[in-house]
Amino acid sequence: MQIVVDLNRCQAYAQCVFLAPEVFELHGEETLMFMPTVPDDQQERARRAAAACPVQAILTGEQAGPGEW
Amino acid sequence: MPPDTLRERITDYANRADPYPLYAELHENGVTRQNDGSYLVGTYHEIAALLHDPRISSDSRHRTDPETVPRIRREGQSMAFIGLDDPEHDRLRRITMRPFGPPHTPHRIDALRADITRICDELLDGLRDKDRIDIVEEFAYPLPVTVICRLLGVPQADVPRIHAWANDIIASLDVTPGRIGEHQLNAGVEAREAMAEYLGDLSDRRRTAPSDDMLSALVHDSGPDGPLTRSELMANATLLLIAGHETTVNLITNGTLTFLRHPDAYRQLRDEPELMPRAVEELLRYEPPVHLLPQRTPVTDVEVCDVTIPQGAPLILVLAAGNRDPLRFDHPDRFDPAREDNQHLGFGSGIHSCFGAPLARVETQIALNALLPHLEHFQLAEDPPPYRRSPILRGPRHLPITRTSGT
């Protein structure tokens, strides 16, 4: 499972960090870091995090990035 | 009906079960000045903009007429961050966030999942043989109360006292001062003081004998902003405790009611529990626990939709109406648990967006996933159910359901 976060939309509400703290991390108060490839045991949490984003900045998919043309 | 009576009609208890036709009037009328001098806003884009507008204060001391805000504390006591503006709001919220969530404590809520699941299962075990259940009293209320008390560090034996204080406080929070009696207002102030004193004493005990709870962390683990003073801690811990009592109960109850009214959605979510996170977001849009924010005030004249809202006037943002705005949401009155485009206002937005939102999400997702299989042979005993008085924290007071068949 892959995730992409649109960091232009992100407003650091940090809901994803609460819901999937192994996948998303805040550096300081506002900088979001995340694992683009989600380990199997964190996928459910990553989906919950995507659903909870107040600005819907998180995309999830089985594949993301180049190579899928 | 005249638009300047909308606040009166929204406050009228007769409209509590179905305020949505009134919200549709709000959409049609734009910003409306009420006959009591307050201003109502119920359209999505205007509410969202005002929630991000630094000219709009959450501090009731900016009201021209202080009588338009219910009195909740005595002079000289600290204020909780919900009623303050930046930078003071930011300082208090940041310190309070340290033991609750990221960046300092990112795992606190996730680590509660097992506890929440176990509490849900215990509550549901107790209901297994019953033919009539009140979802509010027997499930939706005890769950968040147990969780918030455990999170803060309130011993189980003290929960009934907390419960009684919370009831008095909520009873005093009606939208229009004057509608409730002076004694009820005073009972609310006294209950808030008693709760704050209790939390002050409890935090003193945690100072000498720390535990792994939030109060212990608040008194021990001070960050770059320093610790809260004792008075600040009392005010802000009281806020968290009250909010933990009176909001999630509505979300879980409204969710149960909505699923019982929508059998297709019920069956789908019962069979595919992994869809619940999106469904809970839709509940936050469709039947949110907090219907309106009554305490905003412009600090200067502000123009919205060609109406000038004067400095110091009561400004009421009707979040639940914004959530049903047809200019923002397709088929806004349809409950669609798979809705894609769903930036609802269920937790507000901007700097005051709900502090406890992640906890409410986790609790409600787990609670509804645990509850739905048990509802198989139940139906609503009354529809609509009896509602609580408040037009702000709007939800059923009871939600009786009855068994339909012998299984």
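Could you work out the equivalent-ellipsoid semi-axes for the stretch B:294-407, taking the square root of 5 times each eigenvalue of the Cα gyration tensor, largest first, in whole Å? Display every interim value, and only then the final one.
Working: eigenvalues 254, 58, 47 Å².
The answer is 36, 17, 15 Å, longest axis first.
Any idea what angle helix A:43-52 forms with the longest principal axis of chain A, computed on alpha-carbon atoms, 0 to 90 degrees, nearest 10?
The angle comes out at about 50 degrees.
Calculate the spin-label point distance for residue B:45 paired with residue B:75, positioning each point 7 Å from the Cα along the beta-carbon direction, and give it in nanometres.
Reported label-point gap for residue B:75 and residue B:45 is 4.6 nm.
Given the Cα atoms of the stretch B:55-99, and with Rh set as the inverse mean 1/r over their pairs in the Kirkwood sense, what is Rg to Rh to two decimals? List each step's numbers first, then the result.
Working: Rg = 11.8 Å, Rh = 11.7 Å.
The Rg/Rh ratio comes out at 1.01.
Where the centre of each part is set by its Cα atoms, how far does the stretch B:333-407 sit from the stretch B:256-280, in angstrom?
10 Å
I'd like the distance separating the alpha-carbon centroids of the stretch B:107-186 and the stretch B:281-323, in whole Å.
Cα centroid of the stretch B:107-186 versus Cα centroid of the stretch B:281-323: 27 Å apart.
I'd like the Karplus ³J(HN,Hα) series for the stretch B:286-300: coefficients 6.51, -1.76, 1.60, θ = phi - 60°, whole numbers in Hz, and an x wherever there's a Gly or Pro.
For the stretch B:286-300, the Karplus curve yields 6, 9, x, x, 10, 8, 8, 9, x, 10, 7, 8, x, 8, 8 Hz.
Could you work out how much longer the chain between residue B:163 and residue B:331 gets when fully extended? Use 0.36 nm per residue separation minus the Cα distance between them, nm to one decimal.
Working: separation 168, 0.36 × 168 = 60.48 nm, distance 3.88 nm.
Additional length available on full extension: 56.6 nm.
At q = 0.16, 0.23 Å⁻¹, what log₁₀ I(q)/I(0) does the stretch B:242-331 have when each alpha carbon counts as one equal point scatterer in the Debye sum?
Debye curve over Cα of the stretch B:242-331, log10 I(q)/I(0) at q = 0.16, 0.23 Å⁻¹: -0.79, -1.18.
Per q in 0.09, 0.10 1/Å, what log10 I(q)/I(0) does a Debye calculation on the alpha-carbon atoms of the protein assembly as shown return?
-0.60, -0.75
Antiparallel as a % of all DSSP beta bridges within chain B, to the nearest 5?
Working: 18 of 22 bridges.
Of the beta bridges lying entirely in chain B, close to 80 percent run antiparallel.
Taking chain B as a Gaussian network, where each spring joins two C-alpha atoms under 10 Å apart, which residue of B:308, B:146, B:364 fluctuates the most?
Maximum among the listed residues: B:308.
With Kirkwood's inverse mean 1/r over C-alpha pairs for Rh, give me the Rg to Rh ratio of the stretch B:169-314, two decimals please. Kindly include the intermediate steps, with their values, before the conclusion.
Values: Rg = 20.9 Å, Rh = 19.3 Å.
For the stretch B:169-314, the value is 1.08.
Have a look at B:227, B:160, B:373 and tell me which one the Gaussian network model of chain B (Cα, springs below 10 Å) gives the largest fluctuation.
Residue with maximal mean-square fluctuation among B:227, B:160, B:373: B:160.
Considering just Cα atoms, how many Å³ per residue does the convex hull of chain B enclose?
Taking only Cα atoms, chain B has a hull volume of 139 Å³ per residue.
Which residues make up the longest stretch of chain A that has no GluC sites (Glu not before Pro) in a DSSP loop with at most 10 other Cβ atoms within 10 Å?
Details: sites that count: A:62, A:68.
So the longest stretch without any such site is A:1-61.
Report the percentage of all Cα-Cα pairs in the stretch B:271-319 whose separation exceeds 15 Å, rounded to a whole percent. Show your work: numbers first, answer last.
Numbers: 723 of 1176 pairs.
Above the 15 Å cut-off, the stretch B:271-319 has 61 percent of its Cα pairs.
Between residue B:127 and residue B:12, what is the label-to-label distance in nm when each label sits 7 Å out along the Cα-to-Cβ direction?
Calculated label separation equals 3.4 nm.
Rg (Å, one decimal) plus Dmax (Å, integer) for the alpha carbons of the stretch A:2-61?
10.0, 28
Please identify the longest segment of chain B free of exposed GluC sites (Glu not before Pro), where exposed means a DSSP state other than H, G, I, E or B and no more than 14 other Cβ atoms within 10 Å.
Numbers: sites that count: B:75, B:340, B:376, B:382.
My reading of the result: B:76-339 is the longest stretch.
Rounded to the nearest 0.05, what FRET efficiency is calculated for residue B:343 and residue B:208 with R0 set to 51 Å and r the Cβ-Cβ distance?
Once rounded, the FRET efficiency stands at 0.65.
Rule-based calculations on the coordinates, nothing more; no lab input. This structure is a prediction, so every number in the text was calculated from the model and none was measured. Cβ atoms come from the backbone with ideal geometry, glycine included; neighbour counts cover every protein chain shown.
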